[in-house]
Amino acid sequence: MTKELLTCENVSKSYRDGHHDLEVLQGIQFSLQEGELVAIVGSSGSGKSTLLHCMGGLDKPTSGRILFRGQAIDRLSSRALADWRNQELGFIYQFHHLLPEFTALENIAMPLLIQGQSARQAQQRAQQLLERVGLAQRGQHRPAELSGGERQRVAIARALANAPALVLADEPTGNLDDETAQQVLELMLELNRELQTCFVIVTHDQQLAARLPTQVQLHHGKLVSAKQAGRT
Ligand SMILES: Nc1ncnc2c1ncn2[C@@H]1O[C@H](COP(=O)(O)OP(=O)(O)OP(=O)(O)O)[C@@H](O)[C@H]1O
């Protein structure tokens, strides 16, 4: 049986633009199930990143609610929101956002240290994750010493460090050549199956989106379709 993980309930977001309100998201309504794999697609400026940021509690809807396992995240104090993000969410960005002065291993261990794990525990977990993403021998390299694909693998490992229920990825392959993008996508598909972690992947790439079982399409801030493979 599927269980609801996150629900966008009539989510709208607008920004003040001089004397006008710029409506970036309008009445978005959909639910993610535990362990689901979803693409958010739409042309540039359609509101994909804004929606992802609202889902991750990095931005607040102007109206509507985001519920995580039934609890409205906008009701959380900023401290509770930060704890929620730490425990339940992982983020992957187009540009890896790894800390340049730290090694791959240290970058992955960082969220665990912040959570209060011992250095030894954090290192062990980081090493396991490095092995899982195929970079067992690269732990001591700094981001500048890794290829673009390797950096994204480290970013994926870091996003999974806390064993989150939900990973939000904003154009995770947008900066990679086609072959590397395919490999990085395959890795995310495998990890979704293995760990039952829900992945939401924002992408411009229709071919990549077609590999995912569910696609949510935005057009000018409105949800125009939510397609599920194998369902009508
Ligand atoms: N902080 C902000 N203040 C004002 N306008 C904003 C802000 N953030 C986003 N916007 C506007 O909201 C709209 C949607 O932006 P968003 O980044 O969500 O789109 P996107 O679909 O992710 O685009 P892209 O694919 O190019 O990254 C754009 O018109 C953008 O200019």
Inset, instruction - Return the pairs, sorted by first residue and then second, in which the second residue is of a type in the set (Ser, Thr, Tyr) and within 16 Å of the ligand (Cβ to nearest atom), the first residue lies in segment 29-46 and is in contact (Cβ under 8 Å) with a residue 60 or more places away in the chain, the beta carbons are less than 7 Å apart, and the residues are 6+ apart or on different chains. - result: ALA39/THR203; VAL41/THR203
Inset, instruction - Sort out which residues of segment 175-230 are in contact with a Gly (Cβ under 6 Å, 6 or more places away or on another chain), farther than 18 Å from VAL133 by Cβ and part of a loop (DSSP other than H, G, I, E, B), and write them in order of number. - result: GLY221
Legend entry - Residue in segment 169-176 that is under 15 Å from the mean Cα position of the chain (by Cα), over 20 Å from ARG151 (Cβ atoms) and either within 16 Å of the ligand (Cβ to nearest atom) or free of Cβ contacts under 8 Å to residues at least 24 places away in the same chain (or both) present: no
Inset, instruction - Might you check whether a residue that is among the polar types (S, T, N, Q), under 17 Å from PHE199 (Cα atoms) and within 15 Å of the ligand (Cβ to nearest atom) occurs anywhere in segment 84-98? - result: yes
Inset, instruction - Within segment 125-141, identify whether any single residue is under 21 Å from VAL202 (Cβ atoms) and touching a residue at least 40 places away in the same chain (Cβ under 8 Å), and answer yes or no. - result: yes
Legend entry - Those residues of segment 74-98 which are more than 24 Å from GLN152 (Cα to Cα) and outside any helix (DSSP H, G or I), in sequence order: LEU76, SER77
Inset, instruction - Scan segment 75-96 residue by residue and report those that are over 18 Å from ILE40 (Cα atoms), surrounded by 14 or more Cβ atoms within 10 Å (Cβ to Cβ) and not hydrophobic (A, V, I, L, M, F, W, C). - result: ARG85, ASN86, GLU88, HIS96
Inset, instruction - Answer yes or no as to whether LEU105 is under 25 Å from GLY174 (Cα atoms), among the aliphatic types (A, V, I, L, M) and in a loop (DSSP other than H, G, I, E, B). - result: no
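All of the numbers you see were taken from the coordinates with simple rules; none came from a lab. From a predicted model like this one, the values you see are computed outputs, not experimental measurements. We place every Cβ from the backbone using ideal geometry, glycine too, and count neighbours over all the protein chains shown.
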